[in-house]
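The values are calculated or read from the model by the stated rules, or taken from the named source; none is laboratory data. Computed from a predicted structure; not experimentally measured. Methodologically, a virtual Cβ is constructed for each residue, glycine included, from the backbone with ideal geometry; neighbour enumeration extends over all protein chains shown. The accessibility values were calculated without ligands, DNA or RNA, using every heavy atom of the protein model including side chains. Shrake-Rupley method; radii C 1.70, N 1.55, O 1.52, S 1.80 Å.
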Amino acid sequence: MKKILQDLSFKETEELVSAYGEKPYRAKQIFRAMHSGAEISEMTELSKSLRARLLEEFEDAPVKILQTVRSKDGTEKYLFSLLDGNVIEGVLMKYSYGNTQCVSTQVGCRMNCAFCASGLNGLVRNLSAGEIAAQIFRVNREQGASLENRKVTNVVLMGSGEPLDNYDNVVKFLRNINAENGINISHRNISLSTCGLVPEMKRLAAEGMQINLSVSLHNPFDVERRKIMPIAKKYTVSEILGACDFMFEKTGRRYIFEYSLIRGENDTRACADELIRLLSSRPCHVNLIRLNEVKERGLKATSDASAYAFLEMLEKGGLSATLRRRIGADIDGACGQLRNRYINDNFGEVNG
Ligand code: SAH
């Protein structure tokens with residue numbers, strides 16, 4: 001298989017151009033074109049011979065949009081195809097302050113959380129830095145944007161996969177997407193969500209990037225958390241909180257806990273009290289989400305009334321918390337659901 005151009009940093013693009021014996025300004029041209037979502041064959045400002053040379057070494061379109069589904073609320077869900085035939089998904093959420101794109105970092109996931117559709121078939125493979133970035137380049141272009149006038153203003157690493165289980169590629173992606181000569185999305189506008197891989201969280205903190213950290217907590221009690229998140233057998237809530245505090249020390253940025261409300265499991269008074277005990281003195285925010293029911297998983301969402309009651313308990317306890325409005329629920333919004341439906345429709349049941 002050929003290489004992926006979008007994997008290159010600006011420095012690596014400069015080195016490539018120099019190795020080709022081309023003028024240095026070509027590096028900027030190539031990098032800008034690639035970050036604008038152009039494929040090599042569309043980089044018409046390059047000479048024909050340079051394009052041909054690039055195409056000998058690099059794949060033309062490593063990430064293609066296979067399907068777009070638009071929700072009534074404006075949310076757009078994308079299904080992308082990769083060169084090896086794998087499919088991944090992403091979402092573009094439209095807000096008054098800008099558009100947030102949710103990207104995938106792996107094909108599948110090996111964390112196997114009890115409520116999540118992404119882990120139903122385990123991990124297929126990691127995405128390269130360029131495959132993660134290309135999702136954004138393609139969608140930004142699809143929205144009719146340019147590098148100067150971006151339509152993707154914020155990015156969340158909350159699609160399929162566990163970003164910190166693909167550490168090197170994700171960190172390379174974070175550096176490339178922030179490159180001055182490229183799409184240059186500020187780290188402050190990027191959120192990385194993890195189920196709590198403690199050593200990698202600490203490593204990430206030490207990178208010194210100003211990104212926002214989200215942690216999928218879903219239960220404050222270790223014993224209960226282990227029932228829904230296998231990773232909790234490896235790292236305790238207390239270790240996670242330590243890593244979060246370390247991240248805050250390094251970035252000065254408040255962190256977020258994702259908390260998907262599952263009926264009768266984690267929406268109790270005891271859970272709210274424990275969250276308050278653990279978090280009220282910490283620089284954090286709790287993001288409540290009503291579980292998006294995945295039929296293969298069998299867990300039920302908390303009722304709206306109980307979700308609001310839970311929110312109120314947290315707020316009364318002094319926590320900063322919000323209940324996320326349900327977006328894109330009519331288009332299989334939950335992680336991995338669209339991809340699974342596509343695979344089932346086209347290749348038969350894979351989750352049976
Ligand atoms: N692996 C990372 C990021 C991907 S999932 C992580 O675990 O954080 C993004 C968020 O959606 C996580 O908080 C995850 O726990 C949550 N999630 C997954 N499936 C869900 C579902 N069916 N309903 C509600 N939230 C879900």
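Computed values, structure above
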{"read-out": "Unsatisfied cross-links (Cα-Cα over 30 Å) in the set K202/K233; K2/K28; K250/K300; K202/K295; K11/K202; K2/K172", "value": "K250/K300; K202/K295"}
{"read-out": "Proportion of all alpha-carbon pairs of segment 62-347 beyond 32 Å (%)", "value": "20 percent"}
{"read-out": "Charge sum, other residues only, whose C-beta stays under 9 Å from S128's C-beta, Lys/Arg counted +1 and Asp/Glu -1", "value": "-1"}
{"read-out": "Semi-axes of the equivalent ellipsoid for segment 1-151, Cα gyration tensor, largest first, Å", "value": "30, 19, 12"}
{"read-out": "Pairwise label distance in nanometres, A270 with A206, each label 7 Å out on the Cα-Cβ vector", "value": "3.8 nm"}
{"read-out": "D (Stokes-Einstein, µm²/s), Kirkwood Cα radius, segment 1-61, 1.002 mPa s at 20 °C", "value": "190 µm²/s"}
{"read-out": "Net dipole in debye of segment 54-163 [+1 Lys, Arg Cβ; -1 Asp, Glu Cβ; about Cα centre; nearest 20]", "value": "520 debye"}
{"read-out": "Potential lengthening between Y97 and T322 on full extension [0.36 nm per residue; Cα-Cα distance subtracted]", "value": "79.2 nm"}
{"read-out": "For segment 1-61, with +1 on Lys and Arg beta carbons and -1 on Asp and Glu, the positive-most of M1, F31, S18 along the dipole", "value": "S18"}
{"read-out": "Segment 231-303, accessible surface, carbon-and-sulfur percent (1.4 angstrom probe)", "value": "47 percent"}
{"read-out": "Linear extension gain, H285 paired with A19, 0.36 nm per residue minus alpha-carbon span", "value": "90.9 nm"}
{"read-out": "In Hz, Karplus ³J(HN,Hα) per residue of segment 143-158 (6.51, -1.76, 1.60; θ = phi - 60°; x = Gly, Pro)", "value": "7, x, 9, 10, 5, 6, 10, 6, 9, 9, 9, 10, 10, 10, 8, 9"}
{"read-out": "Net +/- balance of residues flanking A270 in space, Cβ distance below 14 Å, scoring K and R +1, D and E -1", "value": "-3"}
{"read-out": "Crossing angle, helix 198-207 versus the chain [Cα axis fit, 0-90 degrees, rounded to tens]", "value": "50 degrees"}
{"read-out": "Within the chain: Cβ-based charge dipole about Cα centre, in debye rounded to nearest 20 (Lys, Arg +1; Asp, Glu -1)", "value": "400 debye"}
{"read-out": "Folded to 0 to 90 degrees: helix 48-57 orientation relative to the chain principal axis, Cα", "value": "50 degrees"}
{"read-out": "DSSP beta bridges in segment 62-347 [antiparallel fraction, %, rounded to 5]", "value": "50 percent"}
{"read-out": "Rounded accessible area per residue of segment 1-111, 1.4 Å, Å²", "value": "46 Å²"}
